[in-house]
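See below for the structure under consideration.
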Amino acid sequence: MRAHTEYLWFSTKERREILRITQDVERVVERSGIREGMVLVSAMHITAAILVNDDEPGLHEDIWEWLETLAPARRDYRHHRTGEDNGDAHLKRILVHHQALVPITEGRLDLGPWESLFYLECDGQRKKRVIVKVMGI
């Protein structure tokens with residue numbers, strides 16, 4: 001088995017954004033030369049997440065609405081006692097999860113017909129990274 005690691009860097013314009021990263025991950029898989037295996041895509045920040053879903057703007061709005069319902073932005077989070085104002089971003093990340101594992105078949109991401117990979121930023125406007133680790137043969 002071989003492994004190949006690269007990092008993707010993002011600096012979002014907004015505090016909350018969903019960025020499609022499928023092509024970025026595909027390029028890493030291609031550079032790896034691995035034909036059969038898995039790719040781990042993991043957000044390396046505690047207020048960001050990785051999501052596999054449909055690339056449809058209405059769904060993206062629904063995702064934010066759902067996250068805001070479950071973990072609303074508000075001022076009374078205990079985390080804010082540290083001087084931060086992003087308690088909701090930490091909770092949103094827990095709901096979505098920080099990573100995804102995607103199969104590689106014949107050198108390509110083996111996603112379903114409507115699936116894409118996304119970087120979900122809950123507390124952005126600064127530089128953050130994602131690790132892409134390709135493993136296989």
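Where a number appears in this text, it was derived from the coordinates with a stated rule and is not lab data. Everything quoted here is computed from the prediction, not taken from an experiment. No Cβ is skipped: glycine too gets one built from the backbone with ideal geometry, and neighbour counts run over all protein chains shown.
Residue-wise HN-Hα couplings along the stretch 33-41, as the Karplus relation 6.51 cos²θ - 1.76 cosθ + 1.60 with θ = phi - 60° gives them from phi, are x, 7, 9, 9, x, 9, 10, 9, 10 Hz; Gly and Pro carry x. The modelled label-to-label distance for the pair GLN23/ARG126, using points 7 Å beyond Cα in the direction of Cβ, is 2.9 nm. Taken about its Cα centre, the stretch 2-136 carries a charge dipole of about 780 debye when Lys and Arg each add +1 at the Cβ and Asp and Glu each add -1 at the Cβ. Hey, what angle do you get for helix 87-96 against the long axis of the chain, alpha-carbon based, 0 to 90 degrees rounded to 10? Value to nearest ten degrees: 30.
For the stretch 103-137, chymotrypsin sites (Phe, Trp or Tyr not before Pro) meeting the loop criterion (DSSP other than H, G, I, E, B) and having at most 10 other Cβ atoms within 10 Å: TRP114. Working note: Karplus 6.51/-1.76/1.60 with θ = phi - 60° gives the stretch 54-64 the couplings 7, 8, 9, x, x, 5, 4, 5, 4, 4, 5 Hz, where Gly and Pro are set to x. Ellipticity at 222 nm from helices only: DSSP H runs of n ≥ 4 in the chain, each -39500 (n - 2.57), divided by the residue count, give -8000 deg cm²/dmol. Once label points are set 7 Å from the Cα along Cα→Cβ at both VAL52 and MET38, what is their separation, rounded to one decimal in nm? Placing both labels 7 Å along Cα→Cβ, they lie 1.0 nm apart. The structure shown yields semi-axes √(5λ) of the Cα gyration tensor in Å, and of the options (i) 30, 16, 11; (ii) 30, 20, 17; (iii) 46, 17, 12 that calculated value carries the label (i). Give the shape of the stretch 1-48 as rounded, prolate or oblate, defined through the alpha-carbon gyration tensor: a ≥ b ≥ c are the square roots of its eigenvalues, a/c under 1.5 means rounded, and otherwise the shape is prolate if a/b is larger than b/c and oblate if not. Prolate. Remark: the stretch 87-127 projects, on average over all directions, an area of 4.3 nm² (convex hull of Cα atoms). Amide H contacts of LEU117 (H built 1.01 Å from N, in plane; Pro and chain starts excluded): ILE21, THR22 sit under 5 Å, all sequence-distant by 5 or more or on other chains.
First select every other residue whose beta carbon is under 13 angstrom from the beta carbon of GLY33; then total the charges, Lys and Arg +1, Asp and Glu -1.
Details: positive: ARG2, ARG27, ARG31, ARG35, ARG108; negative: GLU6, GLU30, GLU36, GLU106.
Residues near GLY33 contribute +1 overall.
To the nearest ten degrees, helix 22-32 and the longest principal axis of the Cα atoms of the chain are 40 degrees apart.
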